[in-house]
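The values are calculated or read from the model by the stated rules, or taken from the named source; none is laboratory data. Predicted, not measured: the structure shown is a model, and the values here were computed from it. Glycine gets a Cβ as well: all are built from the backbone with ideal geometry, and neighbour counts include every protein chain shown. Just the protein is used for accessible areas: all its heavy atoms, side chains included, with ligands, DNA and RNA removed. Shrake-Rupley method; radii C 1.70, N 1.55, O 1.52, S 1.80 Å.
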Amino acid sequence: AGLTAADVEIADWLRKSYSSKYIVLAVNKCESPRKGVMQASEFWSLGFSPIPISALSGTGTGELLDLVCSGLKKTEDVENMDEEENYVPSIAIVGRPNVGKSSILNSLLGEDRTIVSPISGTTRDAIDTEFVGPDGQKFRLIDTAGIRRRASVASSGSTTEALSVNRAFRAIRRSDVVALVIEAMACITEQDTRIAERIEKEGKGCLIVVNKWDTIPNKNQQTATYYEQDVREKMRMLDWAPIVYSTAITGQSVEKVIVAASTVEKERARRLSTAILNQVIREAIAFKPPPRTRGGKRGRVYYCTQ
């Protein structure tokens, strides 16, 4: 088709906006190897070296692949280093409707970032907010809509709520740590357990935030201990998750959420040596050996590595 105005515009945009990138110009549909060089010569005016190729016959695609790969080698390591330096852990705040997720976010930020209302379902979308912790570490906080039972969402007939719940599940998937917020007076409900199962299934780090702790009457030194025993009993799939007690409206102990989330994130990123993992495997095999085959041979685990 030759050089068009759109080609010139795209080339100028790439040169101005992405001069640091490695750019390859491929001129496609040069079916004839002899005429291809002549057909591509018109594109020198764009300021890049044109490569005549034919996707139909495969002519010139090998050379194109070599150039693309050589460009990747030049930029890949630098980009990965930049990504590691600029990496910000994400913390998704999830739970049933009206347990105080948005209040916790507002209390952490010290401003009314999200709307808080006694009416459940006020938060509709997953809202991302940058937050700097006490030690200077950056986090991305994701406030989500309350997750009701699937049957309740279906019976309400609200498409908006169904989309909000899907956004909340997507927020769990793209987060590093999930703060599961439960209401102190309600303790653990069936829906809390289902959300916990979803978090465990997604393989995310987790902490349990018991909000509205001020509503528990006649508290004493043993209250938190008994409460934790009850939570551990009902949420066995998250028996490793730390528990934080907070009152979001007054801001009491809310900063502990970030401290616990930071600890969980560091534990999640921890590397275990092969020696430690092999010791765990040996103990597991001693406790329960692998099953035998029909021929009587027992399976063997040689070693384990992360």
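Out of Phe287, Ser32, Ser19, whose Cα points farthest toward the positive end of the dipole of the chain (charges: +1 Lys, Arg; -1 Asp, Glu; placed on Cβ)? Final value for the positive-end residue is Phe287. Against the longest principal axis of the chain, how steep is helix 255-268, in degrees 0 to 90 to the nearest 10, with axes from Cα atoms? Tilt of helix 255-268: around 60 degrees.
Coordinate range of the alpha-carbon atoms in region 90-269 per principal axis, descending: 45, 35, 31 Å. Once the Cα atoms are used to define both axes, helix 5-17 deviates from the longest principal axis of the chain by about 60 degrees. Against the longest principal axis of the chain, how steep is helix 274-287, in degrees 0 to 90 to the nearest 10, with axes from Cα atoms? So the helix axis and the longest Cα principal axis differ by about 50 degrees. Taking all protein chains together, Ser273, Ser57 sort by accessible area into Ser57, Ser273, largest first [probe 1.4 Å]. With 29 Å as the limit, write out which pairs from Lys219/Lys266; Lys101/Lys234; Lys21/Lys266 have Cα-Cα distances beyond it, or answer none. Beyond 29 Å between Cα atoms: Lys219/Lys266; Lys21/Lys266. Over every Cα atom in the chain, the radius of gyration and the widest Cα-Cα span, Dmax, amount to 27.9, 90 Å.
What trypsin sites (Lys or Arg not before Pro) does region 1-48 have in DSSP loop regions with at most 13 other beta carbons within 10 Å? Counting only loop positions with at most 13 other Cβ atoms within 10 Å, the trypsin sites (Lys or Arg not before Pro) in region 1-48 are Lys21, Lys29. Run the Debye formula on the Cα coordinates of region 1-56, all scatterers equal and no solvent, and tell me log10 I(q)/I(0) at q = 0.18 1/Å. With one equal scatterer per Cα and no solvent, log10 I(q)/I(0) is -0.60.
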